[in-house]
1. Output yes when any residue across region 117-137 is within 19 Å of the chain's Cα centre (by Cα) and of a type in the set (Val, Ile, Thr), and no when none is.
2. Out of all the residues in region 89-114, which are closer than 16 Å to residue 350 by Cβ and part of a strand (DSSP E or B)?
3. Given 117, 80, which one is surrounded by fewer than 16 Cβ atoms within 10 Å (Cβ to Cβ) and in a loop (DSSP other than H, G, I, E, B)?
4. Looking only at residues in region 199-227 that are over 21 Å from the mean Cα position of the chain (by Cα) and assigned to a loop (DSSP other than H, G, I, E, B), which one is nearest to residue 276 (Cα to Cα)?
5. Do the conditions hold for residue 196, that is, is it within 28 Å of residue 350 (Cα to Cα), hydrophobic (A, V, I, L, M, F, W, C) and more than 17 Å from the chain's Cα centre (by Cα)?
6. Please verify whether region 228-251 includes one or more residues that are free of Cβ contacts under 8 Å to residues at least 24 places away in the same chain and part of a loop (DSSP other than H, G, I, E, B).
Amino acid sequence: MTAIETFPQAKLDPSRTTGLILCGMGGPDRPEAVQPFLRNLFADPLIFPVPRLFAGIAGRLIAWKRAPVVRKRYAMISADSSTPQLPTTKRQAAYLAGRISESGRGALPGVAMRYWDPYPEATVAELMSAGANQFLVVPTYPQYSGATNGSTIRFVLDTLEKNAPDARVNVVADWHLLPGFIEALAWPVITQLSQWAAAEVDPGECALLYVAHSLPESFIRKGDPYLDRTRATVNAVHQKVKKVLEAAGKGPWLDKISGGIQPGLCFQSKVGPIAWLGPQISEEVPFIAENGVRRLMVQPVSFTCEQIETLLELDIQLKDQALEVGIEEFHRGAALNLNEVWLDSLADHLIDTAFSPEVGKLGPTE
């Protein structure tokens, strides 16, 4: 797996035009795209760790077998079996590029995906034809993992090395403790818990669960920092929640809910028979219901856009399960989407860290 320290971090020249490449996993944009998307996903050895010789064959076989089921899953959240991820990411990129340009550093927005259109080849060509001669690469995964951030960034960098070998490139590999990110995640939790506390709901009937996308345990044993970074995100969000509720005199109430003193972190989206990070949230919800919880607040911490993991796995499948086991009130915090608190914070971070304060004094790759 690619170590986070190995990515280029050349300071960008504020006087040049920057191509901002917001990159992520991607997703199908129509029913017939589901199978090739899955084929690309499972052919990636960082996602599906099998010997490289068999990765392509295994990816095609799994995609062929899973495509009909996955196509139906996408149809449950969209009439055309597509994900809202791409249009949202394009709007996020446009917002960030606009903020960077407002600071006096010209930036053009671009989006590149790992497993489906638009691929980096087309994005880089479009940005270069529009005048970009240096690049800022930013993943949409908040917490670094070699299997997500690492694979996606490397995919983009391979294209840049081929098509713009002399261009200066700065990679911001993750942003798991970005202040605006933490605040954007905390406020849905603060809002819901404050409503329960103000209504004097029995805290013994309330629970808060943070949920992150899972990852094979073997990746963590090999040194992948994803679990540590995810825990750091959750701890920072929960400290913000506690600070606000304590200031409102609701600290004693918060301490009595499930997940109030120490944050409860669960995982979702496990695939296959190998060991994945847990506990799975689908296993935790029945447990807390058995212990008297009737009101549940779930806050995802992995997603910048609404997608199948939030709209189907949480909003439909988990909610249905929760109601079946006795949960009477279910709430889920939104993904980041176009939250300006987060976007402004990320834009400020990019301006502060990626650009040199000196104008026009750096060579192509300095």
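1. Of region 117-137, the ones within 19 Å of the chain's Cα centre (by Cα) are 117-120, 136-137.
Adding the requirement that they be of a type in the set (Val, Ile, Thr) leaves 137.
There is at least one residue in region 117-137 that is within 19 Å of the chain's Cα centre (by Cα) and of a type in the set (Val, Ile, Thr).
2. Just the residues of region 89-114 that are closer than 16 Å to residue 350 by Cβ, to begin with: 89, 92-111.
If the condition is that a residue be closer than 16 Å to residue 350 by Cβ and part of a strand (DSSP E or B), then 107, 108, 109, 110, 111 are the ones that fit.
3. Values: 117 fails: surrounded by fewer than 16 Cβ atoms within 10 Å (Cβ to Cβ).
Only one candidate passes the filter, namely 80.
4. So the first thing to find is which residues in region 199-227 are over 21 Å from the mean Cα position of the chain (by Cα), and the list is 199-207, 221-222.
Cutting the leftovers down to assigned to a loop (DSSP other than H, G, I, E, B) gives us 199-202, 222.
Details: 199: 38, 200: 38, 201: 35, 202: 34, 222: 14 Å.
Ranking the qualifying residues of region 199-227, first place goes to 222.
5. Values: within 28 Å of residue 350 (Cα to Cα): no; hydrophobic (A, V, I, L, M, F, W, C): yes; more than 17 Å from the chain's Cα centre (by Cα): yes.
Considered against the rule, which asks whether it is within 28 Å of residue 350 (Cα to Cα), hydrophobic (A, V, I, L, M, F, W, C) and more than 17 Å from the chain's Cα centre (by Cα), residue 196 comes out as no.
6. Step one: list which residues in region 228-251 are free of Cβ contacts under 8 Å to residues at least 24 places away in the same chain, which gives 228, 239, 242-243, 246-247, 249, 251.
Going one step further and asking which of them are part of a loop (DSSP other than H, G, I, E, B), we end up with 249.
Yes, region 228-251 contains at least one residue that is free of Cβ contacts under 8 Å to residues at least 24 places away in the same chain and part of a loop (DSSP other than H, G, I, E, B).
Only the coordinates and a few stated rules stand behind these numbers; no lab work does. Because the structure is predicted, anything quoted here is derived from the model rather than measured. In this analysis, Cβ positions are derived from the backbone assuming ideal geometry, glycine residues included, and neighbour counts consider all displayed protein chains.
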